[in-house]
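Worksheet for the structure shown next.
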Amino acid sequence: MAQTVLTADIIAKEAVMILENELVMAKRVFRGYENEFEKKINGYEVGETISIRRPTDFTVRTNATMAAQDVVEGKTSITVDQRRGVDFKFTSQDLTLKIGELSERVIKPAMVRLANAIDTDLMSLYKYVPNWVGTPGQVVNSYADFALAPQRMDEFAVPDERVAVLSPADHWGLLGSQTALYIQDAAKGAYRKGSLGEIGGVDTYMSQNVPTHIVGADVSGTVNQSITSATIDYATVKDTMQQTITVASLNLNPGDVFTIANVNAVNPVSKADLGFAKQFVCISYSSNSLVFYPAMVWTGAFQNVAVASGTTDLNSAAITAMGTATNPYKQNLVFHRNAFALVTVPLVKPPGAVDVARQNYKGINVRVIPVYDGVNDESAWRLDLLYGKKAIDPRLALRLSGT
């Protein structure tokens, strides 16, 4: 029986299914913002942006007197600004093959590379995550090491349905510790299949795309300005949740996590002092000016720090970053899906292009366009993906190292 000549539509359908199957990080982050773009049915351009509201918060009164509170809502945004694509050539003979043969030889290897690029992009959002448990540089090789992550998430009231993405070294270090357990399914999965599955309520995966962070040149310094409870209020920072301060003897890289002396973390609901240092992440650093997340809110419904009793000004307070200066550290991530967002949208059908195919599979949108070379009887095919990524609520994520 004669083979069916493959079209752009058939190739797009096969490619998008393989791509979705190969993704790791992208399948475990929030994907609901595509709905915000539904009204534009003809496709999208790079640079389009949607706004996203931040959740509000309230204080609780202690008497019968009514005290109405203003609803203060911050907002953030996500921009569709990432273009990725893979281009390949087929001869006319190739295009008479079965789709299964072409998938194995050409399409699958291309989609594996594309999936890796997308997952790497998403993993790079670690730079906005301020919370880091464990000791930088130590391998996660015991349940006690791994349990630091769900413990800290419980302390920060992070909802269930948590996911961990570990580097190969940490994955195999943790997996080795599971083979000694007297739990039949856990030991069998770890020993025979190399699978960790769900540990401590956390769905756990391995990815070669876990990034390495290099710490800045000077990890110890001091605050070099007056910072009091009146310095920042939530209404001022509600959209970015970033704060800028002047520091001395410090040189951090974007993504460095640090603490400030006498500043502790609080329970996000009760606002009770949790008894350990509040962590912040460097967004940018230049000429002793440090921009960091989250901004310190000392009081009120959006309070996120507890300052030591008797401390009224953080001027001269010590700043200490995680890790050793200039050292590299793997950035395992443990997170709730709402910490990060991915939006993929269909690209436009260019005027003049023939046989353009756009396919969506489980929220992943790809566009395939063939370009025929009549001299050599070859078809060059371009596959394009347009998407946006954002750390929507970094409070719902943390970085994990061993101890």
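Just a few scattered comments:
- Residues located in segment 252-282, provided they are touching a residue at least 12 places away in the same chain (Cβ under 8 Å), part of a strand (DSSP E or B) and exposed (fewer than 15 other Cβ atoms within 10 Å of the Cβ): F276
- In segment 318-349, the residues that are within 27 Å of A117 (Cβ to Cβ), at pLDDT 95 or above and among the hydroxyl-bearing types (S, T, Y): Y329
- Candidates V215, V202, V210, filtered to the one that is in contact with a Pro (Cβ under 7 Å, 6 or more places away or on another chain), surrounded by 15 or more Cβ atoms within 10 Å (Cβ to Cβ) and closer than 30 Å to A164 by Cβ: V202
- The requirement of being in contact with a helix residue (DSSP H, G or I) (Cβ under 7 Å, 6 or more places away or on another chain), buried (at least 20 other Cβ atoms within 10 Å of the Cβ) and among the aromatic types (F, W, Y) is not satisfied by F292.
- Test: residue in segment 11-24 that is modelled with pLDDT under 70 and more than 28 Å from V165 (Cβ to Cβ): no
- Given (1) at negative phi; (2) of a type in the set (S, T, Y); (3) touching a strand residue (DSSP E or B) at 6+ places or on another chain (Cβ under 8 Å); (4) in contact (Cβ under 8 Å) with a residue 24 or more places away in the chain, index of the condition T326 fails: (1)
The values are calculated or read from the model by the stated rules, or taken from the named source; none is laboratory data. Because the structure is predicted, anything quoted here is derived from the model rather than measured. Heads up, the Cβs are rebuilt from the backbone with ideal geometry, glycines too, and the neighbour counts pull from every protein chain shown.
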